[in-house]
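The structure appears right after this line, and notes come after that.
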Amino acid sequence: MLDSQLWAEELLMGDFSELHGAILNGDDKLALRLTKEALDKGTDPSELITKWMIPAMDEVGRLFEAQEYFVPELLLAGRAMKAALEPLRPMLASGGVQPTGRVVLGTVQGDLHDIGKNLVGSMLEGAGFKVFDLGIDVPCEKFLETVTIHNPDIVALSTLLTVTMPEMKKVIDALSRAGIRNKVKVLVGGAPVTRDYAEEIGADGYGDNASSAVTIARSLLAK
Ligand code: B1M
């Protein structure tokens, strides 16, 4: 391929390494400004998220594992990622479609990570789902109570920690004990969760990223 062709392609895709760097360095103001500038130029939000922002968080995780980053850096990077996602959220959630189903969503008890869960929530909203977001560190009883009140089609559980994965099974078991397991589908996801694990704990679906979560949620409704 000609050099000029490569250059043109690069220009078309955009180079947002500065945004990547701002998240990595935990600079929330810069991350927000660069995201707004990228949007003003007409950049596709999902390209920004998948090609630049999520890889920045993966790099943060790698540095944390290598003990080059510590909890304060994780916190700052998390704050910068959230700031950068803020102007994108309405765009992800503006599907303009009629409500297709109701989802109760939350990060399970013991886990404070919510960036991925929030992305899943925004994309479900964009796909027309009504989402009841219970936030982070959600006890099993809270999921149960909300299911009883809102009668959702799907309970969507997120976790990023290996130690809190069993909380997902606790929620499923609690739904069974309450006699309402057959009234609701359970969708699980989050970095350490696998399809095998989802099957093992009796979940109905597993999504390995926000857009696959939407695809699976749609297919669960059709069942
Ligand atoms: Co923490 N943390 N953290 N952390 N943190 C991880 C998860 C870790 C992998 C870092 C590492 O060691 N490499 C590691 C977990 C190891 C493990 O158990 N497997 C870890 C650890 C150890 C910890 C602490 C224990 C650190 C400590 O205190 N010593 C502590 C735990 C606190 C707690 O929860 N009780 C902790 C704390 C934190 C902060 C609070 C400082 C901060 C979170 C800020 C926030 O969320 N508001 C933080 C951060 C930022 C991270 C990393 C660096 C980034 C997470 C992130 O936002 N990713 C993370 C390393 C990493 O992920 N590479 C790490 C971007 C986000 C878009 O991706 O959340 O994976 P993710 O979501 C994806 C998919 O997973 C999926 O779709 C999303 C979009 O594609 N998905 C679903 C998520 N939920 C889904 C649900 C679905 C379907 C798909 O259906 C319902």
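Assorted remarks:
- Residue in the stretch 147-163 that is free of Cβ contacts under 8 Å to residues at least 40 places away in the same chain and under 21 Å from Phe129 (Cα atoms) present: yes
- Residue list for the stretch 204-223, filter: assigned to a loop (DSSP other than H, G, I, E, B) and either more than 9 Å from the ligand (Cβ to nearest atom) or within 14 Å of Leu105 (Cβ to Cβ) (or both): Asp204, Lys223
- Just one of the numbered conditions (1) under 20 Å from the mean Cα position of the chain (by Cα); (2) within 21 Å of Leu92 (Cα to Cα) is not true of Val60: (2).
- Residues that are more than 17 Å from Leu221 (Cβ to Cβ), more than 9 Å from the ligand (Cβ to nearest atom) and in contact (Cβ under 8 Å) with a residue 24 or more places away in the chain, drawn from the stretch 183-197: Tyr197
Yes/no per residue for (1) assigned to a helix (DSSP H, G or I); (2) modelled with pLDDT under 90; (3) on the phi > 0 side of the Ramachandran plot; (4) exposed (fewer than 15 other Cβ atoms within 10 Å of the Cβ):
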site	(1), (2), (3), (4)
Val60	yes, no, no, no
Tyr69	no, no, no, no
Leu76	yes, no, no, no
Ala84	yes, no, no, no
Gly95	no, yes, no, no
Gln98	no, yes, no, yes
Arg102	no, no, no, no
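- Any hit, the stretch 168-182, residues being closer than 15 Å to Gly106 by Cβ and within 9 Å of the ligand (Cβ to nearest atom): no
- Restricting Glu167, Glu125, Glu141 to residues that are under 24 Å from Met53 (Cα atoms) and either in a helix (DSSP H, G or I) or small (Gly, Ala, Ser) (or both) narrows the list to Glu125.
- The selection criterion, being within 14 Å of the ligand (Cβ to nearest atom), assigned to a helix (DSSP H, G or I), at pLDDT 95 or above and surrounded by 11 or more Cβ atoms within 10 Å (Cβ to Cβ), holds for Lys117.
- Criterion (part of a strand (DSSP E or B) and touching a Gly at 6+ places or on another chain (Cβ under 6 Å)) met by exactly one of Val131, Val186: Val131
The values are calculated or read from the model by the stated rules, or taken from the named source; none is laboratory data. As the structure is a prediction and not an experimental result, all values here were calculated from the model. FYI the Cβ positions are ideal-geometry reconstructions off the backbone, even for glycines, and counts take in every protein chain you see.
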